[in-house]
Amino acid sequence: MGIEFAASKRSTVGIEWELACIDHASGELTPAGPEVLARLGDDQDRQPQVTGELLTNTVELVSAPHARVGSAVDDLRRMVERVREVTDPLGVDLMCAGTHPFSQWFQQEVTPGKERYATLIDRTQWWGRQMMIWGVHMHVGIEDRRKALPIINGLLPYYPHFQAISASSPFWAGEATGYASSRTMLFQQLPTAGLPPQLGAWSEYEGLVADLTHVGVIDDHSELRWDLRPSPKWGTVEIRFCDGLSTTAEVASVAALAQCLVEELSQKLDRGEELPTLQPWYVRENKWRAARYGMDAIIILDAEGNETLVTDDLRTILERLTPIADALGCLEELWGVERILDGGASYQRQLAVAGDTGGSLKAVVASLVTELREGVA
């Protein structure tokens, strides 16, 4: 099975940002997505665009591909304002986090008229219906498909770094989970989700897709919902493991980190260097540690098993990536990661609001709505 990899400009960035529709009065999720899309009337074959998702409580903003992270985020800002022109008169707020703090999964509606969503729910049943989650996906352009899989393997050691700074789902269906990112644990229950296999040559990926298609696990490669995957249609590596981020500033920072790391790995391949990787069992452990402990996670750094606090390693990485960020025009966005390290990730802010309001999860929702509209104070 041959899988073509589209032409893509190196290290260009496209961002997908899933937003939840919130009833202004109650703070509950509301199924406003289809009405919002109908009123916007966007051409769904063009980018940037606002589109639907699995549940009717969600709208997804998709930027066009850009050489600079700031330009992609500008697309998102403009689309948020366009969506608000529709949602504000309807009494609908916009919010983004990995999960909604208290709405119930069984009260949510699956978007009708979409065969792939119907097939997903039919196959996965109860677990599929649990996917009341939101995330940020980032596409980074790869100019040569031979680089795609090595870069994916090279990014896996950085999984916990992205997870820690994006973690925003400490609550689920009205309860504190004890996890910084409960979304991470929920999403991996889908049969084609979770960590990607560490493959080498592109032919190995084609063989895997052929095998899974032959036995009916998937109909095509787009149904592999790995945390990190090649996206042949766009000629990109797609980073899918971040929780939903509540502000455009945080989206910009996480996207800049992704763009810079991909470019760094690409430069190493150009020099003929072998990219450092981690054993799959270390990658899996790092994923769990970051989901559980967030910014307090002690992560495994290398194949020898050396460990450090994830926030300490992030500060080292920011220094190392500074020349690349300067060349890519995303220096300010990259160093926004430091503001997250100093001011706290979303899960920490949510827990603080709950603590300050006697456990009010409605107050947590209100704070997330305010953050998306005004930024983090």
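Rule-based calculations on the coordinates, nothing more; no lab input. Because the structure is a prediction, the values reported are computed rather than measured. All Cβ positions, even for glycine, are placed from backbone atoms using ideal geometry, and neighbour counts span all protein chains on display.
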Q | Shape of segment 62-172, Cα gyration tensor, a/c cut at 1.5 | A | oblate
**Q.** 222 nm mean residue ellipticity, helices alone, for the chain (DSSP H n ≥ 4; -39,500 (n - 2.57); rounded to 500)
**A.** -15000 deg cm²/dmol
Q: Check cross-link reach from residue 114 to the lysines: straight Cα distance under 30 Å, and skip same-chain residues fewer than eight apart.
A: 233
Q: Positive end of the charge dipole of segment 24-99 (Lys, Arg +1 and Asp, Glu -1 on Cβ, about the Cα centre): tell me which of 40, 83, 64 has its Cα farthest that way.
A: 64
Q: Mind checking which of 279, 348, 370 is farthest towards the positive end of the chain's charge dipole, using Cβ charges of +1 (Lys, Arg) and -1 (Asp, Glu) about the Cα centre?
A: 279
Q) With a ≥ b ≥ c the root eigenvalues of the C-alpha gyration tensor of segment 230-272, is it rounded (a/c under 1.5), prolate (a/b larger than b/c) or oblate? A) oblate
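Per Stokes-Einstein, at 10 °C and 1.306 mPa s, what whole-number D in µm² s⁻¹ belongs to the chain, with the Kirkwood radius over Cα pairs as the hydrodynamic radius?
Once the numbers are plugged in, D ends up at 76 µm²/s.
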Q: With a cut-off of at most 14 other beta carbons within 10 Å, and DSSP calling the residue loop, which GluC sites (Glu not before Pro) in segment 186-279 qualify? Please list them.
A: 273, 274
Q. Ranked highest first by the average count of other Cβ atoms within 10 Å around their residues, in what order do 109-121, 178-190 fall?
A. 178-190, 109-121
**Q.** Sequence-separation-based contact order of the chain, relative, with Cα cut under 8 Å and 6+ spacing, percent
**A.** 22
Q | Cβ-placed point charges (K, R +1; D, E -1), dipole of the chain about Cα centre in debye, nearest 20 | A | 240
